[in-house]
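Just below is one structure, and these are the notes that go with it.
Please treat every number below as a calculation from the coordinates, not as lab data. None of these values were measured; they are calculated from a predicted model. Here the Cβ is made from the backbone with ideal geometry for all residues, glycine too, and neighbour counts use every protein chain on show.
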Amino acid sequence: MNGNLTILIIEDLPNDVLLLRRALTKSGITNPVQVVEDGREAIAYLRGEGKYGDRKQYPFPGVIFTNLKMPRMGGFEVLEWLRHHPECSVIPVIILTASRRDEDIRKAYQLRANAYLVKPSSMADLEAMVKAAYDFWSWCERPQGAGHC
């Protein structure tokens, strides 16, 4: 596994961030984790703008976990932005949301989400879900030069 793979979490709810971080840790995933609160901040991170300009402190992500419903800019808008920036299309995007709505699932996949996961009710299930997603994407090859949008 690629231990240098930076995980970017896009989530506005501090408790959900805490649970996701805990699930990563309990699953034995020790990769660097960066957290942003919404889609606007995620795009600034991906572009390396403002405080995110230092790629040593804010490495380009190898995988993104994002919620869908957030203030200012949500997960759908991030997916749309990624779709229009093909240089960023190498980043696997995993939707992690409470929504089970068919319209949301369909739209996420139409916007090229790589996986759509519904937040489970138990910590054990969240750990298993996060580990399975991480294990899959951490083994995938990525093209050289991926690192900026």
Using a Förster distance of 30 Å, the FRET efficiency for Arg47-Met123 (Cβ separation, nearest 0.05): 0.30
FRET efficiency for Arg83 and Lys131, using Cβ-Cβ distance with R0 set to 22 Å, rounded to 0.05: 0.20
Whichever aspartates and glutamates have a C-alpha closer than 19 Å to that of Lys26, once near sequence neighbours (fewer than 8 apart) are set aside: Asp16, Asp125, Glu127, Asp135
Region 1-97: GluC sites (Glu not before Pro) falling in loop per DSSP and having at most 13 other Cβ within 10 Å: Glu49
Separation between Cα centres of region 8-39 and region 123-137, rounded to whole Å: 12 Å
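I'd like to verify something in the chain: which complete DSSP H helices, judged by Cα projection on the helix axis, reach 15 Å or more and average at least -0.5 on the Kyte-Doolittle scale?
Details: long enough: 14-26 (18 Å, -0.08); 123-139 (24 Å, 0.21).
Counting only whole DSSP H runs, the qualifying helices are 14-26, 123-139.
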For the chain, calculated [θ]222 nm from helices alone, where every DSSP H run of n ≥ 4 adds -39500 (n - 2.57): -11500 deg cm²/dmol
For region 7-137, with +1 on Lys and Arg beta carbons and -1 on Asp and Glu, the positive-most of Ala115, Pro14, Ala132 along the dipole: Ala132
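What is the fewest-to-most order of Ser122, Ser27, Ser89 by other Cβ atoms lying within 10 Å of their Cβ? Don't jump to the answer; show the numbers that get you there.
On the way: Ser122 8, Ser27 18, Ser89 14.
Ranked by crowding around the Cβ, least crowded first: Ser122, Ser89, Ser27.
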The chain: most fluctuating residue of Lys107, Lys119, Lys131 per GNM, C-alpha cutoff 10 Å: Lys107
Of Pro92, Pro59, Pro120, the one that fluctuates the most in a GNM where the chain has Cα springs shorter than 10 Å: Pro120
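About its Cα centre, how strong a charge dipole does the chain have in debye, to the nearest 20, once Lys and Arg get +1 and Asp and Glu get -1 at the Cβ?
Details: 19 positive and 18 negative charges, 20 e Å.
The dipole of the chain has a size of about 100 debye.
Kindly provide the Kirkwood hydrodynamic radius of region 78-139 in Å, to one decimal, from all pairs of distinct alpha carbon atoms. Working shown, then result.
On the way: mean 1/r = 0.0795 Å⁻¹.
In region 78-139 this quantity evaluates to 12.6 Å.
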Isotropic mean projected area of the C-alpha convex hull, the chain (nm²): 8.2 nm²
Percent RCO, i.e. relative contact order, over the chain, from Cα pairs under 8 Å lying at least 6 residues apart: 27 percent
